[in-house]
Amino acid sequence: MTPSAPVTSVHADGVALVRLSNPPVNALSGAVRGGVVDALQKANADPAVRAIVLTGEGRGFSAGADITEFGKPPVSPSLSEAIASVEESPKPVVAAISGNALGGGLELALGCHARVAAPDAKLGLPEVKLGLLPGAGGTQRLPRLIGAVPALKIMVEGNPIGAEAAKAAGLVQEVAADPVGAATALALSLAGSTPRRSRDAANLGAREAFEEAAVATLKRAGENPSAAAIVDAVRLAFEKPIEEGLAAERAHFVRLRDDPRSKALRHLFFAERAAAQIPGLPKGTKGREVARAAVIGGGTMGGGIAMNFANAGIPVTLIETDQDALTRGLERVAGNYATSVKRGSLTEAARDQRMSLIKGAVGLEAAAEADVVIEAVFEEMGLKKEIFGKLDGIAKPGAVLASNTSYLDVDEIASATSRPGDVLGMHFFSPANVMKLLEVVRGAKTAPDAVATAMELGRKLAKVPVVSGVCYGFIGNRMLARRTAQAERLLLEGALPQEVDAALTAYGFRMGPFQMGDLAGLDIGWRIRKAQGKRAPIADALCEAGRLGQKTGKGYYDYSGAARSGVPDPEVRALIERVSAEQGITRRAIGQEEITERLLLPMINEGARILEEGIAARPGDIDVVWLYGYNWPATTGGPMFYADTIGLPRIVERLERFAAQSGDETLQPAPLLRRLAAEGRGFSSLEAKAA
Ligand code: 3HC
Ligand code: NAI
């Protein structure tokens with residue numbers, strides 16, 4: 001076989017060494033599945049071969065089924081057929097696993113008669129994260145091999161386990177530094193005996209223990225359809241022969257694969273990876289090395305940003321204006337780590353190690369040694385320009401100078417330096433040590449390798465970086481502003497905060513706009529509106545009444561009682577009704593569907609403008625921003641994917657109606673939205689162009 005074949009096979013010394021070779025992750029495409037069946041046939045037909053070793057070339061064993069094939073016409077042989085050809089092989093087949101054996105990859109290994117893992121191996125069934133269940137025998141073979149309760153946990157949580165844990169569970173026979181060598185020896189030792197298949201129900205464990213775990217699982221999983229399907233399939237392992245279990249598993253798999261929720265999750269999987277591709281960057285552009293960082297401003301954001309560096313093992317200096325502010329900043333960081341230690345998610349030793357990487361300093365001079373400087377001071381252009389002007393004289397040549405600004409013009413900030421090529425935005429989300437989104441704001445003069453540095457650094461900090469162009473609020477906050485405006489309008493027209501929030505939580509958000517506002521503090525928006533000479537009559541009236549949200553015990557809700565989540569407050573209702581009357585508005589009942597549409601469709605419209613202006617490169621980038629920056633419910637795929645599922649003509653029609661009703665011209669459908677709707681296309685049709 002040629003080396004580029006998706007499966008290679010070498011017969012030597014009584015062993016057929018079959019390698020999956022489909023970079024980068026050995027996904028089990030049709031060609032790979034066919035290659036496995038062929039290789040097994042040839043090995044079994046060759047009298048010189050006594051045993052077979054199945055392994056993966058390159059980065060790992062296999063990351064599972066080729067997700068890009070889902071929804072396309074089936075290609076024979078199926079994965080189940082390929083696995084059956086392994087399991088039914090008269091000559092023993094041993095899997096040699098290094099790196100990832102995930103999903104269908106692990107299911108293929110489960111079809112083997114024994115498994116050897118390298119110490120770095122990761123074995124798991126993550127299908128649940130794509131809204132699926134293992135669909136090639138995993139729900140039947142894993143419980144029969146390691147017991148129903150541990151198998152249920154692996155499948156429902158979807159997190160891989162390491163080699164040693166896999167050995168302890170009985171999933172692999174051996175852990176070996178040279179898995180192919182060890183698998184070869186094991187395979188030869190099995191030659192001649194009847195191969196052991198993962199089909200024996202004796203290992204399932206006690207039925208009662210499984211039922212108990214199933215109840216707990218279903219309770220935790222809520223409406224997650226994958227969890228219910230997994231429980232059902234594993235239960236069949238107790239009740240029916242494996243063939244029936246496999247058939248039921250298949251039926252569940254097909255149903256879930258075609259469910260819009262799984263399609264949405266698969267879209268986000270690829271969108272997240274596509275967002276790493278930066279259009280227009282010269283090929284081969286590499287990021288600059290970042291060995292040391294500085295963060296200016298140790299407030300809400302700065303402390304969390306510094307923690308990200310320490311967590312990634314990068315020394316960082318937190319810079320403040322005076323010792324008191326610095327002490328407060330460092331204490332907040334220490335407090336956050338203490339909470340993690342208390343919760344058991346961080347050891348004391350790890351905490352000490354991380355804290356030792358965070359140095360405090362007063363004065364910007366301390367940024368001189370840093371390869372990247374992130375400014376997180378107050379949101380004031382004058383102050384930011386002053387700081388960047390000074391940094392210009394302090395930072396070492398080639399240092400990347402980033403601002404964490406939420407809204408401000410990164411080009412103007414860059415103009416305060418003599419090196420605008422080194423300046424960009426790195427916009428973290430609150431809490432900065434938790435939220436995974438990082439908007440990398442690329443200015444007009446930002447150098448390609450500075451953008452690449454921020455993207456690579458973002459990944460090192462365990463963030464999901466997405467590139468945005470310069471505009472007010474970038475991708476996320478610019479769209480959020482549309483939602484905020486509608487939320488206020490809905491209150492004026494007749495809705496109450498709890499009704500607006502309930503509409504969004506029913507849609508799948510963890511909280512609605514007013515709960516979120518109360519949590520973040522209503523004074524943030526108030527200050528911004530004042531600076532812009534804008535008004536939001538109800539939000540302003542609340543702030544003027546001293547109701548700034550949770551921190552003052554009152555905002556849109558009342559937090560003074562025992563309920564941490566806050567309760568509706570008659571005073572707020574009265575205030576809203578008064579403001580409506582002052583505006584001459586006759587209040588009316590507004591249904592949940594209208595509320596949801598009024599909140600979400602203007603955001604989609606703004607997303608279309610953002611695409612049109614080239615602020616975001618792809619619709620999927622916008623979806624990733626909303627998933628990781630604002631907890632958009634993953635099962636609807638993000639605003640732009642969701643738009644396609646509703647249908648763009650309907651969105652155009654609704655927006656036109658909202659614009660006519662309110663006289664608000666910003667609600668008129670964006671030209672791109674109109675054009676795509678008229679052409680019968682969706683936003684997804686723009687993805688291929690951007691790739
Ligand atoms: N199918 C198709 N493409 C895949 C893939 C898969 N299963 N897994 C990864 N890829 C692609 C990615 O899209 C990416 O493509 P790109 O370079 O064009 O953007 C490339 O492989 C590399 O992937 P990552 O950037 O994610 O590489 P990492 O090294 O960061 O991560 C990984 C590797 C942990 C394997 C990660 O890719 C991953 O989690 N993959 C998905 C694993 C999974 O969910 N498997 C189950 C699939 S469903 C299944 O098997 C059904 C079965 O039960 C019937
Ligand atoms: P903050 O008010 O909590 O902290 C700002 C800190 O900067 C203060 O501790 C202050 O002492 C310090 N500071 C001011 N001038 C300084 C100087 N010259 N040198 C060193 N330190 C100085 O503000 P927060 O909320 O952390 O915001 C910081 C930036 O991050 C702003 O640009 C904001 O828009 C942005 N941001 C804020 C988010 C949030 O949710 N709070 C989310 C994302 C971005």
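The values are calculated or read from the model by the stated rules, or taken from the named source; none is laboratory data. All values reported here derive from a predicted model rather than from experimental measurement. Don't worry about glycine lacking a Cβ; one is built from the backbone with ideal geometry, like all the others, and counts go over all protein chains shown. What goes into the accessible areas is simple: the full protein's heavy atoms, side chains included, and nothing from ligands, DNA or RNA. Shrake-Rupley method; radii C 1.70, N 1.55, O 1.52, S 1.80 Å.
For segment 1-120, a Kirkwood radius taken over Cα pairs fed into Stokes-Einstein (4 °C, viscosity 1.567 mPa s) yields D = 93 µm²/s. Considering helices alone, the calculated mean residue ellipticity of the chain at 222 nm is -15500 deg cm²/dmol, with DSSP H runs of length four and up weighted by -39500 (n - 2.57) and normalised per residue. Three principal axis extents describe the C-alpha atoms of segment 12-63; from largest down they are 33, 20, 11 Å.
Give me the number: length gained by fully extending ASP13 to THR327, i.e. 0.36 nm times residue separation minus the C-alpha to C-alpha distance, one decimal in nm.
Working: separation 314, 0.36 × 314 = 113.04 nm, distance 6.80 nm.
Length gained between ASP13 and THR327: 106.2 nm.
Within segment 293-472, antiparallel bridges make up roughly 15 percent of the DSSP beta bridges whose residues both belong there. Out of all DSSP beta bridges with both ends in the chain, state the antiparallel percent to the nearest 5. Of the beta bridges lying entirely in the chain, close to 25 percent run antiparallel.
Excluding ligands, DNA and RNA, what is the solvent-accessible area per residue of the chain at a probe of 1.4 Å, expressed in Å²?
Working: 28930 Å² over 691 residues.
Dividing the accessible area of the chain by its residue count gives 42 Å².
How high is the relative contact order of segment 43-194, in percent, counting Cα pairs under 8 Å that sit 6 or more residues apart? Walk me through the numbers on the way to the answer.
Working: 295 pairs, mean separation 41.4, N = 152.
Once normalised by length, the contact order is 27 percent.
Rounded to the nearest whole angstrom, the semi-axes of the ellipsoid equivalent to the chain, taken from the Cα gyration tensor as √(5λ), stand at 49, 31, 25, largest first. By the rule of a C-alpha distance below 18 Å, with chain neighbours fewer than 8 residues away ignored, the aspartates and glutamates paired with LYS286 are ASP371, ASP422, ASP449, GLU456. Packing around the peptides 19-26, 257-264, taken as the average count of other Cβ atoms within 10 Å per residue, puts them in this order, highest first: 19-26, 257-264.
When DSSP assigns beta bridges and you keep just the ones with both residues in segment 19-103, what percent turn out antiparallel, to the nearest 5? If I count the DSSP bridges inside segment 19-103, around 0 percent turn out antiparallel. Distance from the Cα centroid of segment 332-400 to that of segment 543-563 is 32 Å (rounded to whole angstrom).
Note down the magnitude of the dipole of segment 495-582 about its Cα centre, charges +1 on Lys and Arg C-beta and -1 on Asp and Glu C-beta and zero elsewhere, to the nearest 20 debye. In debye, rounded to 20, segment 495-582 gives about 360. Stokes-Einstein diffusion for segment 293-472, with the hydrodynamic radius set to the Kirkwood value over Cα pairs and evaluated at 20 °C in a medium of 1.002 mPa s, equals 134 µm²/s. Peptides 27-34, 463-470, ordered by how many other C-beta atoms sit within 10 Å of their residues on average, highest first, read 463-470, 27-34. For segment 209-308, the convex hull drawn through the C-alpha positions has a volume of 252 cubic angstrom per residue. Positive end of the dipole of the chain (Cβ unit charges, origin at the Cα centre): among GLY458, LEU601, ILE524, the Cα lying farthest that way belongs to GLY458.
Considering only C-alpha atoms, what is the centroid distance from segment 631-665 to segment 280-304, in Å? Using only Cα atoms to place each centre, the spacing works out to 35 Å.
Measure up LYS359/LYS530; LYS122/LYS219; LYS153/LYS342 against 30 Å on the Cα-Cα distance and list the ones that go over. Intermediate values should be presented prior to the final figure.
Values: LYS359/LYS530 36 Å; LYS122/LYS219 28 Å; LYS153/LYS342 25 Å.
In this structure, LYS359/LYS530 lie more than 30 Å apart at Cα.
Legend: P(r) of segment 341-390 from all alpha carbon pair distances, 5 Å bins from 0, whole percents, reading 4, 14, 19, 16, 13, 12, 11, 8, 2. The Kirkwood hydrodynamic radius of segment 118-254, based on inverse pair distances between different Cα atoms, is 15.7 Å. By accessible area, using a 1.4 Å probe on protein heavy atoms only, the chain has 55% of its surface on carbon and sulfur. Computed from Cα atoms alone, the Kirkwood hydrodynamic radius reported for segment 589-638 is 11.8 Å. Using only Cα coordinates, the Kirkwood hydrodynamic radius of segment 523-574 works out to 11.5 Å. Each semi-axis of the equivalent ellipsoid for segment 266-336 is √(5λ) with λ an eigenvalue of the Cα gyration tensor; in descending order they amount to 32, 16, 11 Å. Solvent-free Debye calculation, one equal scatterer per alpha-carbon of segment 559-691: log10 I(q)/I(0) at 0.19 Å⁻¹ equals -1.07.
Protection proxy ranking for 207-214, 165-172, using the average of other Cβ atoms within 10 Å per residue and placing the highest first: 165-172, 207-214.
Cα convex hull of segment 7-258: mean projected area in nm², to one decimal?
The orientation-averaged projected area of the Cα hull of segment 7-258 comes to 12.1 nm².
If you take the Cα centroid of segment 410-454 and the Cα centroid of segment 12-52, the two points sit 48 Å apart. Applying a length cut-off of 24 Å (Cα extent along the axis) and a mean Kyte-Doolittle floor of -1.0 to the DSSP H helices of the chain leaves 323-343, 476-493, 592-612.
Under 15 Å of direct C-alpha separation, and excluding same-chain neighbours fewer than eight residues apart, LYS72 reaches these aspartates and glutamates: ASP258, ASP259. Taking a straight line from the alpha carbon of LYS283, these lysines sit under 22 Å away, with near neighbours fewer than eight places off in the same chain left out: LYS445, LYS460, LYS689.
Largest first, the three principal axis extents of the alpha carbons in segment 438-529 are 51, 27, 21 Å in whole numbers. For segment 495-582, the equivalent ellipsoid built from the Cα gyration tensor has semi-axes of 20, 15, 14 Å, listed from largest to smallest.
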